[in-house]
Structures are given as structure tokens and as C-alpha cells.
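Down below is the structure, laid out as C-alpha cells.
Derivation of every value follows stated rules applied to the coordinates shown; laboratory data play no part. Worth saying up front: this structure is predicted, and the values here are computed from it rather than measured. Methodologically, a virtual Cβ is constructed for each residue, glycine included, from the backbone with ideal geometry; neighbour enumeration extends over all protein chains shown.
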Ligand code: ASP
Ligand code: MG
């Protein structure tokens with residue numbers, strides 16, 4: 001049996017947190033591969049270094065903040081001095097990279113900067129595991145995670161990953177627990193790449209698939225996926241079991257508990273995923289799998305803030321063909337991924353997620369100008385996406401009334417329904433979002449007793 005465990009930033013934020021994770025692994029003999037994020041706060045600090053032109057003092061301060069986060073962990077370990085030397089090597093490399101980035105900003109250097117956090121957390125965590133007398137190996141994921149050169153959101157060569165894992169990683173897993181980095185990879189020129197913010201979940205799922213693992217556990221700071229954000233409704237409850245289909249909609253349209261791509265390899269290779277809290281491993285969590293026993297109509301109400309709505313309008317679309325293809329081509333050339341789409345005869349509305357802390361501006365002036373060659377373009381911000389997640393929503397009588405009668409006083413900017421049986425979603429003004437989610441959640445779940 002092989003389980004792959006992924007520990008997020010808060011799970012490896014400090015020494016106590018790392019120790020809890022180390023105990024989780026020690027208590028589960030089947031967990032032989034651990035994939036880590038950077039310690040909480042480190043990637044955000046690195047984003048600042050990668051993104052902005054800043055003065056030398058500020059840059060030195062940021063690097064020092066990162067040093068302090070890591071030293072606060074290493075000081076609890078017997079091998080502190082040796083470990084600090086290794087951390088110092090990474091920090092001095094980081095200093096050089098950030099000097100370079102300050103004069104000549106490139107996405108390639110940006111990725112090399114962002115990947116420093118995972119390298120440090122995994123080096124340190126390997127020693128925390130060893131301090132519990134666990135046979136344990138540090139593994140640089142760049143040896144197996146070959147990607148293209150799309151810095152900031154690189155795509156992984158899954159076939160190559162699998163063959164390299166068989167060759168390099170599985171033999172090591174035979175010998176003990178392997179600790180490796182999420183989020184990062186390497187392109188064919190041996191340049192470091194990253195898979196996008198929050199990408200460690202996805203790395204872990206890819207590694208689970210490539211190693212033929214039986215299960216994947218995502219350890220985070222919440223006891224699983226909730227029926228809604230507990231900060232919005234105190235009636236929110238954890239969901240014990242959910243299907244891949246529902247969870248995929250949650251990951252795309254819901255709170256950012258899981259990186260949206262995480263479930264792709266898990267679904268493809270039918271690997272059940274567990275989401276739980278490393279602070280409270282006994283508290284249970286959410287199990288995500290192909291089929292589940294309990295399939296309620298309403299499973300969750302999710303909220304995603306900071307949506308960008310682009311509306312393109314052209315009379316040329318009237319009875320014409322090929323217009324949408326041209327719009328999509330421009331968006332695809334800019335690597336923009338559309339979330340929702342609705343069309344009328346002469347206009348199309350599209351939404352885009354705003355990736356948190358992303359190094360790229362989303363809908364750039366270039367994109368707008370290229371679209372304007374074809375049509376009128378308007379870009380709106382300040383919108384939130386509300387998603388009602390459940391089962392057979394495309395075949396539920398009275399669904400529209402059930403959902404919208406509860407929020408009849410709110411302006412709905414756009415509605416998407418019918419493409420997936422697991423999801424009905426719509427856009428509302430940012431200021432209405434919390435109230436809409438709370439009202440809907442409490443009415444659909446608590447009132448119906450689901
Ligand atoms: N450390 C990276 C981030 O903060 C990747 C991850 O945590 O999944 O985005
Ligand atoms: Mg995450």
C-alpha cells in the first residue's frame with residue numbers, strides 16, 4: 001500500500017506544526033512519500049521579490065524575514081548549524097536571483113525565486129522526520145517533474161514523470177519515507193519552473209498517479225471541505241464524503257482549499273483523496289472518490305471572490321460563424337483560462353478567476369486591444385461567483401425557484417447552468433456575496449435538514 005501525503009504551508013509553518021506532520025507520517029506506515037509546500041508566508045515574500053523593483057534594503061529585509069521563519073524551526077533541531085548552512089546557500093542564491101530580477105525582470109528568474117521556499121521547507125522537514133528516528137530521504141522533485149517552459153504555470157510531462165518516478169523515486173520509497181517539493185519542476189533547459197500558486201496539491205496528485213499510489217492525503221488547516229465557508233455561516237459543516245465530480249466543481253468554483261487541477265490525475269487514475277487538518281488529524285476529514293453512497297441534491301454553496309467579467313459584443317456575430325473561435329484563439333494565445341461563459345446573439349460574457357498572488361496581470365491591455373480588433377470589449381471587476389454544488393442539478397424540478405426565491409432582492413449579473421449536473425453558478429456584486437451565500441446555505445441545507 002502506498003499513500004502520498006501533501007502538507008500545505010500552514011502545516012509546515014513552524015516547528016510544532018512540522019512535528020505534528022512528522023507524527024502523522026510516522027503513525028501511517030503506508031505514507032511513504034510526502035510532498036511539501038513552503039512554510040506559510042515564505043512564498044508570498046518570494047512573490048514580492050519576484051515581482052517588484054524594490055530597493056536593496058527592502059530586499060535584504062524580505063530575505064531576512066524568510067531566514068527568521070526558517071531559523072525559528074531549525075533552532076529546535078540538533079543539526080541546527082549544518083541545516084542553517086544549507087539554508088544560507090539557498091538564501092545566497094536567492095539574493096543573487098533577486099539582484100538579477102531587480103535589473104532585468106524575467107519570468108524564468110521569477111520561477112527560480114518562487115521555488116526557493118519549497119526547497120527550504122523540505123530540507124528542514126527531512127531533519128524533523130529523522131529526529132523521530134524515521135528512515136527518511138530528501139528528494140529534489142526536479143529530477144522527475146519535467147515541465148514545459150511556461151514559467152509561472154508550467155505544464156508537466158506526465159509520461160516522463162511516470163517513467164522517471166519508476167526509475168528514481170520508487171526505489172527510494174522502498175528504503176524509507178521520501179520528502180519532496182510540491183509546486184516546482186524543471187524544463188528541458190534545466191531551468192526551474194513552477195506550476196502556479198497553490199500548485200503543491202497538484203504536484204502531489206501527479207506524483208501519486210506516477211508512483212501508482214493507492215491514496216492521496218492533502219493535509220491542510222481545516223478538517224476537510226465544508227458545506228460553505230464557516231466564516232460566512234456558522235451553520236457550515238464538514239462534508240464527510242464527496243464525489244470527484246462535485247469536488248472538482250468545488251475546487252474550481254469554491255474556496256481555495258484544493259488547487260483546481262488536483263483532482264484531474266486523481267480522477268483519471270481513480271485515486272481516492274482525503275482532505276484533513278494536520279492540526280487535528282483525529283478529527284476526520286473529507287473523503288473524495290469516484291462514487292459515494294450519499295448523493296444529496298445540495299452539497300455545498302461555494303464562493304469565489306475577485307472575478308473578472310469580460311463582455312465582448314459585435315453585430316458581426318449576428319448569424320455569423322467563427323466569431324467565438326476568434327475570441328477563444330486570442331484568449332488561448334494569452335494562456336487565459338475561461339471559467340464561465342454565456343452568450344446572446346451578438347455578445348458573449350466570459351469570467352476569469354483572479355489567481356491570488358499571481359505574478360501576471362490577468363486581462364492585460366494587450367488582450368483588450370487584440371479583442372477590440374474584433375468587437376467592443378468591456379471589463380468589469382468587483383464581482384463574486386456563487387456556486388451551488390450538488391447532484392443531478394440538471395434534472396431537479398424547482399431548482400431555479402429553490403435557489404433564487406431566497407435571494408430575490410439581489411441583482412444576478414450572470415447565470416450558468418446545465419453544463420454540469422453538479423453545479424449551478426452565478427455572479428453577484430462583491431458587496432452582496434456574503435449575504436447571498438449565507439442565506440442560500442442556511443435555507444438550502446439547514447431548512448431542508450439535508
Ligand atoms: N508554496 C506555493 C504557494 O504558496 C505552492 C503551494 O503552497 O501549494 O502557492
Ligand atoms: Mg494550498
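The table below lists the values:
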| read-out | value |
| --- | --- |
| Tilt relative to the chain, helix 15-27 - C-alpha long axis, 0 to 90 degrees, to 10 | 90 |
| Percentage of interatomic Cα-Cα distances in segment 220-362 larger than 27 Å | 37 |
| Three-way shape label, segment 1-158, alpha-carbon gyration tensor, a/c 1.5 | oblate |
| Difference of contour (0.36 nm per residue) and Cα-Cα distance, residue 103 to residue 268 | 55.1 nm |
| Backbone N under 20 Å from the residue 328 label point (7 Å along Cα→Cβ), restricted to segment 419-433 | 419-421 |
| Sequence of 317, 250, 150 once ranked by neighbouring C-beta atoms within 10 Å, starting from the fewest | 150, 317, 250 |
| Per residue convex hull volume, Cα atoms of the chain, in Å³ | 156 |
| Cβ-Cβ FRET estimate between residue 68 and residue 344, R0 fixed at 60 Å, reported to 0.05 | 0.65 |
| Simple spin-label estimate for residue 1 and residue 415 in nanometres, 7 Å along Cα-Cβ | 4.7 |
| Likely footprinting exposure, 7, 226, fewest C-beta neighbours within 10 Å first | 226, 7 |
| Theoretical gain in end-to-end length, residue 44 to residue 231 [0.36 nm per residue, Cα-Cα removed] | 65.0 nm |
| Full-stretch length increase - residue 15, residue 61 - with 0.36 nm per residue and alpha-carbon distance subtracted | 14.3 nm |
| Debye equation applied to the C-alpha atoms of segment 32-87, log10 I(q)/I(0) at 0.14, 0.22 Å⁻¹ | -0.47, -0.93 |
| Rounded tilt (10° steps) of 116-130 against the dominant C-alpha axis of the chain | 50 |
| Helix 244-253 axis, angle to the chain major axis (alpha carbon atoms, nearest 10°) | 80 |
| Helix-only mean residue ellipticity at 222 nm for the chain, each DSSP H run of n ≥ 4 adding -39500 (n - 2.57), per residue, nearest 500 | -11000 deg cm²/dmol |
